[in-house]
Every structure is written in C-alpha cells, then in structure tokens.
Amino acid sequence: MYLWHRWSAIAGVVLLFPHYVLVTSVNNTINNTLGNALGFIALFGLVALLLWALVPRLPVVGRRIRTNYQLWFTLHRLTGMFVIAGLIHGFL
C-alpha cells in the first residue's frame with residue numbers, strides 16, 4: 001500500500017505539468033477566475049511540497065538541510081488541502 005501511495009502521488013504530480021502546459025496553450029473562452037485560482041493554488045502547493053520532500057535527499061543539499069518526522073508529517077497533511085483545491089478546480 002505504501003508503494004502504491006507513493007507512486008500514484010508521483011504520477012499525479014508529474015501529470016500536472018502536461019495538464020498545465022496543454023490548458024494554458026489554448027485560448028480559454030470560459031473565464032472562471034475562482035476555478036483558475038484554485039488550480040494555481042493546487043499546482044504550486046503540490047509542487048512546493050514535492051520540492052520540500054525531495055530537496056533534502058539531494059547529496060549536496062541534504063547535508064545542510066535537516067528535517068524530522070514530525071515536520072514531514074505536518075506538511076504531508078497539507079497535501080490534502082491542495083488536493084481538495086484541485087478537485088474543486090476540476091468541478092468548476
């Protein structure tokens with residue numbers, strides 16, 4: 001279950017980039033500012049959390065940045081807020 005959770009999260013974040021590129025390359029005739037704002041919040045929030053999780057694992061940076069489990073767990077819970085923002089974005 002852990003591996004499924006991890007790989008599905010990675011696939012979801014990776015698929016956000018083609019979605020963003022393809023959607024922004026087309027002229028949007030529907031101007032839904034709330035939906036667009038929630039989409040940007042979800043995208044940049046998830047990418048920020050992904051970078052926060054990956055950067056300490058890099059060899060050069062990992063020696064200088066230390067994180068603990070409690071901080072990781074707290075930030076991991078924030079992921080749910082960004083996913084909910086993305087779901088509302090999809091409905092709008």
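The values are calculated or read from the model by the stated rules, or taken from the named source; none is laboratory data. Everything quoted here is computed from the prediction, not taken from an experiment. Here the Cβ positions follow ideal geometry from the backbone for every residue, glycine too, while neighbour counts run over all protein chains shown. The area values use the complete protein model at the heavy-atom level, side chains included, leaving out ligands, DNA and RNA. Shrake-Rupley method; radii C 1.70, N 1.55, O 1.52, S 1.80 Å.
If you roll a 1.4 Å probe over the chain with all protein chains in place, what percent of the accessible area is carbon or sulfur?
Numbers: 5470 of 7570 Å².
Taking all protein chains in place, the chain shows 72 percent carbon and sulfur surface.
I'd like the distance between the alpha-carbon centres of segment 1-16 and segment 28-92, rounded to an integer number of Å.
Cα centres, segment 1-16 to segment 28-92: 13 Å.
Out of the chymotrypsin sites (Phe, Trp or Tyr not before Pro) in segment 29-70, which ones are loop residues according to DSSP with at most 10 other C-beta atoms within 10 Å?
none
Given a 1.4 Å probe, how much area per residue of the chain is accessible, in Å²?
Working: 7570 Å² over 92 residues.
Heavy-atom SASA per residue in the chain reads 82 Å².
Looking at the calculated P(r) for the chain, what percent of the C-alpha pair distances fall above 16 Å? Provide the component values of the computation, followed by the final result.
On the way: 2619 of 4186 pairs.
Value for the chain (Cα pairs over 16 Å): 63 percent.
List every DSSP H helix in the chain whose Cα atoms extend 24 Å or more along the helix's own long axis and whose mean Kyte-Doolittle hydropathy is at least 1.0. Write out the running numbers ahead of the final one.
Values: long enough: 2-24 (34 Å, 1.05); 33-54 (31 Å, 2.07); 69-91 (34 Å, 0.93).
Result, helices passing both filters: 2-24, 33-54.
Tell me the relative contact order for the chain as a rounded percent, counting alpha carbon contacts under 8 Å between residues six or more apart.
Details: 42 pairs, mean separation 37.2, N = 92.
It rounds to 40 percent for the chain.
Using per-residue counts of other Cβ atoms within 10 Å, averaged over each peptide, order 17-26, 70-79 from highest down.
Numbers: 17-26: 9.8, 70-79: 11.6.
Order by mean packing, descending: 70-79, 17-26.
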